[in-house]
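The values are calculated or read from the model by the stated rules, or taken from the named source; none is laboratory data. As the structure is a computational prediction, the values presented were derived from the model and not from experiment. Quick reminder, even Gly has a Cβ in these numbers, built from the backbone with ideal geometry, and neighbours come from all protein chains shown.
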């Protein structure tokens, strides 16, 4: 392995969610962090501000289980694909890249973005948010809504395609609230869904 470190002994590492492909963060690694990451299959970085090695999640519990380790054609940038536990960003967002200038990407990321928004409402409640209201009411209210929405999906399927789309979207949203409430990530769901691709 011939990784090229800069004059400070560091190399940038791009961190990507293994299941969704979403870029989570950019960090820096020194040789010790690289070796520990490969050995432990947990993400270690070097903090430039604190000038010390750190294990991601050591204090927050938001560990990154490394699923793959690559470096680029110039040997000077690392790409980690990880299973993210909790959130990657210190602000409470799933990804550090949440400041949107514009977004003309495909709709394939909609589920992941919805999950992140719901997660944000859990961590940073907003008074006028319906999602925040559901979390305040608790598991029984969330389960009641899922029951109601499931019935409405059945009725919608009997009525029209448009109604089925609308009611299915309601059900998916409430199901996502339940997943966040119970600490289940989309990575967990994607992993289980992959077992059905037979």
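Sort out which residues of segment 7-30 are assigned to a loop (DSSP other than H, G, I, E, B) and under 12 Å from residue 64 (Cβ atoms), and write them in order of number. Even if it seems obvious, please write down each step before you answer.
The first filter runs over segment 7-30 and keeps only residues assigned to a loop (DSSP other than H, G, I, E, B), leaving 7-10, 18-22, 30.
Scanning segment 7-30 gives a single hit, 18.
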Hits in segment 36-52 (condition: assigned to a strand (DSSP E or B) and in contact with a strand residue (DSSP E or B) (Cβ under 6 Å, 6 or more places away or on another chain))
44, 45, 46, 47
Of the criteria (1) free of Cβ contacts under 8 Å to residues at least 40 places away in the same chain; (2) part of a loop (DSSP other than H, G, I, E, B); (3) assigned by TED's automatic domain parsing to the domain that holds residue 35, which one residue 75 fails
(1)
